[in-house]
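Have a look at the structure below, then the notes.
The values are calculated or read from the model by the stated rules, or taken from the named source; none is laboratory data. None of these values were measured; they are calculated from a predicted model. Quick reminder, even Gly has a Cβ in these numbers, built from the backbone with ideal geometry, and neighbours come from all protein chains shown. SASA here: full protein model, heavy atoms, side chains in, ligands and nucleic acids out. Shrake-Rupley method; radii C 1.70, N 1.55, O 1.52, S 1.80 Å.
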Amino acid sequence: MSRIGKLPITLPQGVEVLVNQDNLVTVKGPKGTLSSQVDTDITVAIEDGVLTVTRPTEQKRHKALHGLYRALINNMVVGVSTGYKVSLELIGVGFKATTQGQNLELALGYSHNIFVALPAEISVTAVTEKGKAPVITLEGIDKQLIGQVAAKIRSLRKVEPYKGKGVRFVGEVVRRKAGKTASK
């Protein structure tokens, strides 16, 4: 049996899960509402505040879907109860980040500034402290959407291995390469 799929999901206080006839799972919580379509072969059951996901057979396809949908439902439950937060830092001379509503303006060493329009479901803050690298913080309830937006921002200036300049996640370790050595 799938090690992830067989784990039950304990629903926190204030989180309500509804399963439709056509396997549409809707999760409501204090931070918002998320919904996701689950494959018709997979069964979602709720008993006494514990949600379980089961599969009908031991086919390879059913095994794969079992763990997948359990993880997706768990991410929705965690999102509507506590939310998700991703922080990115800009390492480089002159790198800046400012926000105006849902727009993020980045100065990443190019000849022009880059403007990124963010979805309404994500809140963004940019903090610049003297002597420290600017930090962009993304918050929201949808784990997939936050990860996708963070990856898009990171792809605008990936961390290069020689000086370590670029956009990276806070706490990310970058392997540095040795540069050229001087000849005799």
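For the peptides 76-85, 148-157, what is the packing order when you average, over each peptide's residues, the other Cβ atoms within 10 Å and list the highest mean first?
Going from most to least packed, we get 76-85, 148-157.
Treating only the Cβ of Lys, Arg, Asp and Glu as charged (+1, +1, -1, -1), what charge dipole size does segment 94-167 show about its Cα centre? Round to the nearest 20 debye.
400 debye
Kindly flag which residue pairs out of Lys143/Lys163; Lys31/Lys132; Lys130/Lys163; Lys96/Lys163 have an alpha-carbon separation exceeding 26 Å in this structure.
Lys143/Lys163; Lys31/Lys132
Ignoring ligands, DNA and RNA, what percent of the accessible area of the chain is carbon or sulfur (1.4 Å)?
In the chain, the share of accessible area belonging to carbon and sulfur is 52 percent.
Say the dipole of segment 82-183 comes from +1 at the beta carbon of Lys and Arg and -1 at that of Asp and Glu; which of Val93, Ala117, Tyr162 then lies farthest toward its positive end?
Checked the options; the winner is Tyr162.
Might you report the magnitude of the Cβ-based charge dipole of segment 1-60 about its Cα centre, with Lys and Arg at +1 and Asp and Glu at -1, to the nearest 20 debye?
260 debye
Can you spot the aspartates and glutamates whose alpha carbon is less than 20 Å from Lys180's alpha carbon? Ignore those fewer than 8 places along the same chain.
Partners found: Glu160.
Write down the Kirkwood hydrodynamic radius of the chain, to one decimal in angstroms, obtained as one divided by the mean of 1/r over all alpha carbon pairs.
19.1 Å
If you take every residue apart from His66 with its C-beta less than 9 Å away from the C-beta of His66, what net charge results, scoring Lys and Arg +1 and Asp and Glu -1?
+4
What does the charge dipole of segment 1-157 about its Cα centre add up to, to the nearest 20 debye, if the Cβ of each Lys and Arg holds +1 and the Cβ of each Asp and Glu holds -1?
Once rounded to the nearest 20, the dipole reads 580 debye.
Looking at Val27, Ile153, Leu65, which one has the Cα that reaches farthest to the positive end of the dipole of the chain (charges on Cβ: Lys, Arg +1; Asp, Glu -1)?
Ile153
With axes computed from alpha carbons, what is the tilt in degrees of helix 143-155 against the longest principal axis of the chain, rounded to the nearest 10 within 0 to 90?
20 degrees
As an exercise, take the mean of 1/r over every pair of distinct alpha carbons in segment 73-126, invert it, and state the Kirkwood radius in angstroms.
13.1 Å
Could you state the accessible area per residue of segment 1-125 in Å², with a 1.4 Å probe and every protein chain left in place?
Ligands and nucleic acids excluded, the figure is 57 Å² per residue.
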